[in-house]
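Trainee: Please find one structure pasted underneath; my questions will follow.
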């Protein structure tokens, strides 16, 4: 069977909606040699945190290196937050897709809008919490942040949620297993689209229709 190009997915969500956990579970359940999946590794100018590995969690570069890449138009999308740059490199994603690997971008709505403008076939997915009360409960449950920080995260979440209508798919993460099943369904449906199957199964259909 011929190798078909991979699918590009963007998953966005406010902090606390469970996006990272859903993506991790998807990879644990479905990343295999027949249908490989990868999460894109972004570039950033911020310093590595304890335990973070260059090339695994982020590509850590200097501000000068990042700005040079901007001038070279090397990014599908990039943004500046809290005095640091973050960006998604074109080369890595393009090469990965060409090898038939599905790629997930874990980015916010601004980046999703930029990538979708350049690659309209990108599949965008928004993960929403079931309610504000549940979102605050999840953020508070981490027991890592002060009430002031949680309030700021809630305000940021409302801003993020206001762009839900820009996405192709919406999943409400109320029950985790249900949300994961819905995410898996989106991925599987795109793998079975006719355009993909005609490439992958060309030999099969030639044999089936051979007189």
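Trainee: Answer with yes or no whether residue 119 is at pLDDT 90 or above, under 29 Å from residue 161 (Cβ atoms) and out of contact with any helix residue (DSSP H, G or I) (no Cβ under 7 Å at 6 or more places or on another chain).
Mentor: So residue 119 passes the test.
Trainee: Could you pull out the residue among 204, 208 that is closer than 30 Å to residue 100 by Cβ and either under 20 Å from the mean Cα position of the chain (by Cα) or free of Cβ contacts under 8 Å to residues at least 40 places away in the same chain (or both)?
Mentor: Values: 204 fails: either under 20 Å from the mean Cα position of the chain (by Cα) or free of Cβ contacts under 8 Å to residues at least 40 places away in the same chain (or both).
Just one listed residue meets the conditions, 208.
Trainee: Which one of these does residue 121 not meet: (1) under 27 Å from residue 193 (Cβ atoms); (2) surrounded by 12 or more Cβ atoms within 10 Å (Cβ to Cβ)?
Mentor: Against the list (1) under 27 Å from residue 193 (Cβ atoms); (2) surrounded by 12 or more Cβ atoms within 10 Å (Cβ to Cβ), residue 121 comes up short only on (2).
Trainee: Do you know which of the residues in the range 115-130 that are in a loop (DSSP other than H, G, I, E, B) and closer than 28 Å to residue 175 by Cβ is nearest to the chain's Cα centre (by Cα)? Quick ask: steps written out before the conclusion?
Mentor: Just the residues of the range 115-130 that are in a loop (DSSP other than H, G, I, E, B), to begin with: 119-122, 129-130.
If we keep only those that are closer than 28 Å to residue 175 by Cβ too, we end up with 122, 129-130.
Numbers: 122: 10, 129: 17, 130: 20 Å.
If we take residues in the range 115-130 being in a loop (DSSP other than H, G, I, E, B) and closer than 28 Å to residue 175 by Cβ, then 122 is nearest to the chain's Cα centre (by Cα).
Trainee: Now for a separate question. Confirm whether residue 193 is more than 16 Å from residue 19 (Cα to Cα), surrounded by 15 or more Cβ atoms within 10 Å (Cβ to Cβ) and at pLDDT below 95.
Mentor: Here the answer is no, as residue 193 does not meet what is asked.
Trainee: Condition first: part of a helix (DSSP H, G or I), surrounded by 11 or more Cβ atoms within 10 Å (Cβ to Cβ) and at pLDDT 90 or above. Can you find one or more residues in the range 167-177 that meet it?
Mentor: There is at least one residue in the range 167-177 that is part of a helix (DSSP H, G or I), surrounded by 11 or more Cβ atoms within 10 Å (Cβ to Cβ) and at pLDDT 90 or above.
Trainee: Which of the residues spanning the range 139-166 are out of contact with any helix residue (DSSP H, G or I) (no Cβ under 7 Å at 6 or more places or on another chain), at pLDDT 90 or above and closer than 20 Å to residue 22 by Cα?
Mentor: 161, 164
The values are calculated or read from the model by the stated rules, or taken from the named source; none is laboratory data. No experiment lies behind these values; they were computed from the predicted model shown. Neighbour counts run over all protein chains shown; Cβ positions are idealised from the backbone, glycine included.
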